[in-house]
Structure formats: structure tokens, C-alpha cells
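In what follows, a structure is listed as C-alpha cells, so that the remarks can point back to it.
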Amino acid sequence: MTDQETKSAGGKKKLSTRSIAMIIMAAILIVAIIAVAVALIVVSEFNVSRKEADNFVYSLANGQATILEYTGEDVNVTIPDELGGRPVVGIAERAFYKNSEISSITIESDAANFTIGAYAFADMDSLISVVLPDGVKSIPERAFSGCDDLSRVTMGNAVEEIGAYAFSECPTLANIFISKSSGGMGDEDTDYNTRYNMTMPSSLKTIGDFAFYQSITASAASTRKIAFNSALTSIGQSAFDGCNRISFIDYANPEETVSLAEIGNNAFYGCTSLRFTKNTTGGASGEFFLTKALNDRVLESIGDNAFYGCTYGSTNTSNRAVLNIYEDTEYIGENAFYNVKSVKELNFYSCNPELGEGAFYGTANLTSVNYYEEKKDAEGNVEEDENGNVVYVKSTVTSLSPSLTSIPSRLFYGSGLDGFLLGSTVTEIGDGAFSAITNEEAITIVGGEEDDNGNIIGEKFALYKLAPYYTLSSTTASNYTVANDHYLLMSADLSTIYAYVGGFSDSASPVRNDKVGQASNGFFTFLQNQTIGMTTVKGYAFAGAQYSYIYFPDKLNTFGDNMFNGASVSSEKTMVITFENTTEGYYDALLSGNLSKEFLSGMEVEDGGSIVVLVGLSSLGEDLKSDLESYFTYTNYEVSRR
């Protein structure tokens, strides 16, 4: 084609198809380059990247900043609301971990959902005070764990969860304040903070496992008074384990129905200062959290060892708790109230919760246990009061649910029971359920009849009356003249001993008019010369024994474990346990399994004290002596012939 042919009628030169394609490709390339550049800018500005401003290293995501690290040297650190013009919305995991210089941190963010990473402030040795923003909803795992000097924390009412180990091992923790900006009292309301110096947020639902484990222990944190709020639903395993400076835990507003459904295993283990009564300091008008949750009928489970070792005890009975158990409570765990001294009464209202072994072990001031049944009219309808509440009447035939047939082991071991009704529906008593009880009127056999010797014989169990023991009439008396009753809780056929019920000790004598200091003082001889067919002694039967000598007659041939659990043998004292049987075959049978290897376990022997096991053989062969000396799990004892 000629040049003339490529010109248009208007005289303009046309572009070839190839030229057009090249122009389009160039345009696309330019657009792509611009797009990549813009993307890089966006990534660098809005996606995760490290930036630094005002001694803070932070990341950006979606235009929001999260603190990664502090590089400054200030000991009082304020985290601003913005960094680089971007809002601060969080603290990353381990951001301040093991910083040993900072003493206070204040976070000024107004983000609606401010996040804190795990271990964010953990192991900060010098940290004393923290102010969290109102937008924090969760305090995560180990956020402040191991902060030895942390004493003051301010947070908002929006916190719904305090996570596992969040404040664990913070021994000086003394104050938790709720910010004024979120509706709390802040740290300046002296009147309120005299009443409660640790207030939990109103939105708090969960206190996680080990949340305050081994915290609140320093002397500077004494008499801590905690206020819960009604939203709280669960207290996790070991949440306050070892917090021995907590004195009171109340619901600050007793008018609100609470939500607490679960108290975890070991939740308040070792809280030795915890009172089981409400705080009245400065006119406080709350209610002890446990009784409130029970009375509001929301508490479903009290875990194993939940209040183990809460040993504070008041001499004022009005400061001891009454625990009312309703059908909502399904489980009271093993050793749940072990050695709790501030419970005086236990009432079961038409319910039969699962009771763990030793649930009320050592509750020395627990005197009254009662079962209440629904009151019914002549037609069998449950009666209600004017407010629509069920009317209950106290049972006269049982202290526990009539549906309970087996009383768990060690259930009321060492308690202060008085007039416990052992009902006819009970067919089995676990080892130690009523051991180490000194009140001779502790147990009543319902339906039992008294025989000519003063024994109360029931359908399945009996109280066998022993010969009286004698005590002094005064501290200056020199002869034992005051007679005292005591019993053996036994099977109805008098073959099995479940527990000794009474107060015989080294300060008593089996002999009337015996003088103080005579050989018979502290000799438990009451099993000798009995004509009844007793053969078996159950575990823990003589637990808590405070006497020096006991004799087991030859008719007794089966012995359980922990027989003298809790018996104390002081320095340079001896406890002598005598088996009176005179035949070798008897001891061979004992060593074949009739005698528990844990027979001596649980005794408390001081240095210099000793236990001696005597056998009634006229001669004790070396082989039998060796077998006896190596038989028991407990090893600090001697074996000899009587």
C-alpha cells in the first residue's frame, strides 16, 4: 500500500493495530505499578508492621495500634490514647514481660474493646500500680502473674473475665478499684474503700483457675475485704488458693439475686483469715457470698477442698455461718469444708446432694445438722406461704435426706455435732464418718431402744455405753471424781465398732477416786472384759485419741486403717497399743490382712516421742517380731511382748 493509501480523507495518519496494542499494554503496566505502590503504602501503614514513637514500639493493623514493647526509661509510664495519629487498642502478649524498672502504668485509651495479651505485664518486679482503660473486657492468662510489688489495680466495670493465673503470685495485692468513669467509686472514695478495698467489676462473670493463686498474702495486705457483684457465675479451681489475708467476701448489694453457680476445687484453699460472715466495717451492709448464693438457690456445686483450711474461728456464735442447702445444690465436694471453724449449722431443705468424703471434716463448731421436708396438707399438696414460698418443717427422724442410705467416710469427722439424728434409712456408715467426736450426746439413734445397761439399740446401729470415766472437779483437785458418759457407735448386733464417741484423755482415769499421776491415768481399758461379740474395728474408730494406753481384747480380730488418726504423741511421751491375744495364729491372721497396713497412719509423733505395739504372747519369736516391725506403712514404732 502506498503512503497516499494510508492517509484518511481528512489527511490524518492512522495508527496501526500493533501500535494500539502497545499503548494499551503500557497503560496497564502504569496502572499496575501505581496499584502496587498504593498497596505497599497501605500495607506499610495499615497492616502489621513495627513502628516506634514516644518510646513505644507498636504494630498497626487496620489503622489501629497495639503496643509491642516499651523502650524508654521512665518508671511511671503512661500509654497514650494515640501513637502516630492512630488509636491505641491493645497491649500485645509479653509487651512488658519481666520489665524490672517500671513502677506504675496508666493506659489512657478510650477504645471500646481494649485487648491485653497473655503475660503482658507478668513478672514485673517493681510494678506497684496499674490503671486499665474502661474498654478492657478480659484480663487474660498470667497478665500480671508474678508481680511481687503490685498493690493497686484500677479497672472498669466492663471486665467480664479474669483469666487463669491473671493475678497469681502477687503477694502484696491489696486494692482493686473500679474507675469512676465506668460507674465505680475509684480510688478516692475513702468511705467506700474502708468498707471494701477490693471490688470486682459489675460485669464480671468468670474468675478463672488460679486467678489470684498465692496472692494477697503479705502483711501489708491484711484484712482484705472483697465485694462481688451479682453477675459472677463461676469461681475457678484454686482461684483464691492461699490468699491468707482475705477476711471478708460479700455481695455488696444483698437485694440483688446473684448468679454464682459453681465454686471450683480448692477455690479458697488455705484462706485462713476468711470469715464466714458479712463485713460490717464502716457500715457495710452486704451479705457473705456463700450464704447469699445458697439462699438465692443458684449455687449448683461446691468443689473438692473448696474451703479447705479456712480455719478462722470466732468465739462469738453470731459470727458463725448457717448453711442452707436446697435442691439446686447438687454437689458438696470431698473435704469441701475441711477444718472450717466458722460454720455452726447445716440445713438440708428437701434435697439430697452428693456429699464427698470428709466434706465437713474437722468442723469443730458445727453443732446442728437438720433435714427439712416440704409441709403438705391433708390431701398431700405442698403448702406455700403468703409470698408463694414452699413451707418446710424440720424432720424428727433424720438429719440427712431419707434417700441417703450410705454416709460417706469422714463426713463429720471431728465435728461438734450435738443431737445428730441417725435415721433408720441409713444402712452403711463410712470409715471415720463420726470419729474424733468428743460430745457424748453427738448422735441419736432414731427408733433405738434403751436396754437395762443404758445401751441404745436401733435397727441397724447402736450406741454401746461404756463404763464411765472420771475427771477432776476443779483444776486444784487431786482425785478423779466426776463421772462422764461415753459410747461406742456400733452395728446393731454389737459386732462392729465404727467410732468412739467421748472425751477420755490422759487427764482422766477409768478408776473413781484415782489420784493424779497414778499409773491408771490415761489408760483406755474400756474394751476389756466385754461380754458382747465385738470382732471388728473400722478405720478411724479411735481417731483423735489423747490418751497413752489402749488395750484390744483377744476377741477383736479385724482392724481398719488410720485407727488413731490425729493422735498426738509429744516429745518424751509414749503411746502403748496392746493386743491381748496370746496365740501366734491370731497374729498370723492379722498379718495376712486382718490388720490394715495403715493401722498406725495419721498419728502425729514429735521428735523424742514413741509408739510401742505390745503383743500378748509369752514369748515373741524373732520371725514374728521382724514381720510386725516391718508390717505397717508408718515406721516410727517398736514391737515387744507384753
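Can you tell me how many residues in the range 330-386 are part of a loop (DSSP other than H, G, I, E, B), within 21 Å of Ser415 (Cα to Cα) and acidic (Asp, Glu)? Even if it seems obvious, please write down each step before you answer.
At the first step, the residues of the range 330-386 found to be part of a loop (DSSP other than H, G, I, E, B) are 330, 333-342, 350-353, 356-367, 375, 377-381, 383, 385-386.
Next, from what is left, pick out any that are within 21 Å of Ser415 (Cα to Cα): 333-342, 352-353, 356-367.
Those still in the list that are acidic (Asp, Glu) too: 334, 357.
So the answer is 2.
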Original post:
If you take the residues of the range 473-491 that are open to solvent by less than 30 Å² (accessible area, probe 1.4 Å) and among the small types (Gly, Ala, Ser), which of them is modelled with the lowest pLDDT?
Top reply: Ala477
Original post:
What do you reckon, is Thr280 at pLDDT below 95, open to solvent by 50 Å² or more (accessible area, probe 1.4 Å) and under 24 Å from Tyr372 (Cα atoms)?
Top reply: no
**OP:** Report, ordered by the first and then the second residue, all pairs with beta carbons closer than 8 Å, sequence separation of six or more or different chains, a first member in the range 580-599 that is closer than 16 Å to Arg641 by Cα and without any contact (Cβ under 8 Å) to a residue 40 or more places away in the chain, and a second member that is open to solvent by less than 40 Å² (accessible area, probe 1.4 Å) and among the small types (Gly, Ala, Ser).
**Re:** Asn581/Gly616; Thr582/Gly616
Original post:
Of the residues that sit in the range 206-227 and are open to solvent by 40 Å² or more (accessible area, probe 1.4 Å) and assigned to a helix (DSSP H, G or I), which one is modelled with the lowest pLDDT?
Top reply: Ala220
Original post:
Out of all the residues in the range 324-339, is one or more in contact (Cβ under 8 Å) with a residue 40 or more places away in the chain and within 27 Å of Asn253 (Cβ to Cβ)?
Top reply: no
**OP:** Return a yes/no flag: does the range 298-315 have any residue that is β-branched (Val, Ile, Thr), without any contact (Cβ under 8 Å) to a residue 60 or more places away in the chain and under 20 Å from Leu355 (Cα atoms).
**Re:** yes
Subject >> Options Ala118, Ala158, Ala143: the member that is farther than 22 Å from Tyr213 by Cα and assigned to a loop (DSSP other than H, G, I, E, B) >> reply: Ala158
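Within the range 69-91, how many residues turn out to be crowded, with 19+ Cβ neighbours inside 10 Å and either under 39 Å from the mean Cα position of the chain (by Cα) or under 23 Å from Ser179 (Cβ atoms) (or both)? Give the derivation first.
Our first condition is that a residue be crowded, with 19+ Cβ neighbours inside 10 Å; within the range 69-91, this holds for 70, 77, 79, 83, 86, 88-91.
From what is left, the residues that are either under 39 Å from the mean Cα position of the chain (by Cα) or under 23 Å from Ser179 (Cβ atoms) (or both) are 70, 77, 79, 83, 88-91.
Adding up the residues that qualify gives 8.
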Original post:
Pick from Thr199, Thr190, Thr194: which is at pLDDT 95 or above, more than 19 Å from Asp296 (Cα to Cα), open to solvent by 10 Å² or more (accessible area, probe 1.4 Å) and more than 20 Å from the chain's Cα centre (by Cα)?
Top reply: Thr199
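Determine if the range 549-558 includes at least one residue that is β-branched (Val, Ile, Thr) and over 29 Å from Tyr361 (Cβ atoms).
Kept after step one, since they are β-branched (Val, Ile, Thr), are these residues of the range 549-558: 550, 558.
From the residues that got through so far, the ones that are over 29 Å from Tyr361 (Cβ atoms) too are none.
No: the range 549-558 contains no residue that is β-branched (Val, Ile, Thr) and over 29 Å from Tyr361 (Cβ atoms).
For the structure I just gave you, tell me whether Ser126 is within 18 Å of Ser215 (Cβ to Cβ), out of contact with any Leu (no Cβ under 8 Å at 6 or more places or on another chain), modelled with pLDDT of 95 or more and open to solvent by less than 50 Å² (accessible area, probe 1.4 Å).
Working: within 18 Å of Ser215 (Cβ to Cβ): yes; out of contact with any Leu (no Cβ under 8 Å at 6 or more places or on another chain): yes; modelled with pLDDT of 95 or more: yes; open to solvent by less than 50 Å² (accessible area, probe 1.4 Å): yes.
Answer is yes for this residue.
The values are calculated or read from the model by the stated rules, or taken from the named source; none is laboratory data. Small disclaimer: the values here were computed from a predicted structure and weren't measured. As a convention, Cβ positions derive from the backbone with ideal geometry for all residues, glycine included, and neighbour counts pool all protein chains shown. Areas reflect the complete protein model, heavy atoms only, side chains present, ligands, DNA and RNA absent. Shrake-Rupley method; radii C 1.70, N 1.55, O 1.52, S 1.80 Å.
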